[in-house]
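Q: Below: one structure in structure tokens.
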């Protein structure tokens, strides 16, 4: 039976959210590298230990649990993103790629043995409960998360819709534990939201892209069309907000990049076997007809979101404002195992149009702007390079050499890198309190158009 292989570009594994899939070839391993005597000796060692545990452990442990733990130990010891999904976990992933699922709406990762929050998803129970990026989940329903595998933590946070779960959190700057009781809901992720802002320079179309689910491209195109209709075709510039976007489907990342480009390389993937390498290029048809673009990023901008950011930045199509992105440059292939779940295996690294990997590095903004006066309190130690067993950048240089960016308008020099002391406290319902957004509006209004596209649709 030919296995259906699925490409994943997830920056994090999410509680109630799994970053999606796209088809890609995977070279079969059978018959290429026959196990040598040393390999057989190691397998014999595993079998011997397995039998000793079964025979002498204080209780009789289930064999399936031993095998599951052994497989996951083997994979998670390779890198932060390889793992084994049992039948239930794989079924959950397949459902969740549609962008609708039951859960909390909370994106989490494991770093240095701690269960950390990347970001709550907009308008979900976790978001409404006030959970913040960088929170450490120390307890789930009275049970410590110490030593708890990420997949198991995700399973604990899932549950029947309408039931409650209590999370105990450690938050930077707060001495006492933060306790949040949250009711699980069916979560329909609205991957794209849009609105119009007015500025002294004209209308600014704002598009928030929260994840790369299977409808991201279609929703982006609809958002642009709606904004153009709303403004009568008079839009000075666009802001593409991908802060806290953990990534998703590779084909959607390519399609969204292509929406704003007329030409140029978008991304390439390179693995162990050269014949599996791929490259994607933009086709004519910029849906904004050359309007200036500002892309907003932070440490939670990961994987597929980094592909789009780098493609627009390095093709001199957009200026990036915010903070350095997460830095996940690896590709996972999902290999279904009939009757036994699926294997998530890192099979390649992706490279930006400059030919450089951003593994560990992330995307560096052209205009650095923090959302807080104390940026060290946000996403503490939460880049790809901080995760256990993360890959080093394959280029072996301190930082990638990139193409020259778009020229910055003069107003960029007047934009501070953090809010002034008098800036109001952030309120998600009040855009005027979002310092990064207000600086993006200021920057977008001062940018020059890149010229009309050769095709528009």
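Readers should treat all values here as calculations from the given coordinates under stated rules, not as data from a laboratory. As the structure is a prediction and not an experimental result, all values here were calculated from the model. Positions of Cβ are generated from backbone atoms using ideal geometry, with glycine treated the same way; all protein chains shown enter the neighbour counts.
Q: Based on alpha-carbon centroids, what's the gap between the stretch 325-373 and the stretch 238-275 in Å, whole number please?
A: Taking the Cα centre of the stretch 238-275 as reference, the centre of the stretch 325-373 is 11 Å away.
Q: A further question follows. Mind checking the angle between helix 63-76 and the chain's longest principal axis? C-alpha axes, 0 to 90 degrees, to the nearest 10.
A: Approximately 40 degrees, to the nearest ten.
Q: Decide, for the stretch 176-325, between rounded, prolate and oblate: order the square roots of the alpha carbon gyration tensor eigenvalues as a ≥ b ≥ c, take rounded if a/c falls under 1.5, and otherwise choose prolate if a/b is larger than b/c, else oblate.
A: oblate
Q: Which three semi-axes in whole Å describe the equivalent ellipsoid of the stretch 102-188, each the square root of 5 times a Cα gyration tensor eigenvalue, listed largest first?
A: 18, 15, 12
Q: Which distance in nm do the two modelled labels at residue 422 and residue 144 give, with both placed 7 Å along the Cα-to-Cβ direction?
A: 4.9 nm
Q: What is the percent of Cα-Cα separations in the chain that go past 40 Å?
A: Result: 20 percent of Cα pairs exceed 40 Å.
Q: Related question: At 222 nm, what helix-only mean residue ellipticity would the chain give, in deg cm²/dmol to the nearest 500, using -39500 (n - 2.57) for each DSSP H run of four or more?
A: -7000 deg cm²/dmol
Q: What is the helix-to-structure angle for 304-314, meaning the angle in degrees between its Cα long axis and the longest Cα principal axis of the chain, kept from 0 to 90 and rounded to the nearest 10?
A: Tilt relative to the chain: about 40 degrees.
Q: Need the full-extension length gain, residue 278 to residue 60, defined as separation in residues times 0.36 nm minus the C-alpha distance. One decimal, nm.
A: Fully extending the segment from residue 278 to residue 60 adds 73.7 nm.
Q: Take every Cα-Cα distance within the stretch 185-237, group them into 5 Å bins from 0 onward, and report for each bin the whole-number percent of pairs it holds.
A: P(r) over the stretch 185-237, rounded to whole percents: 4, 21, 26, 19, 14, 10, 4, 2, 0.
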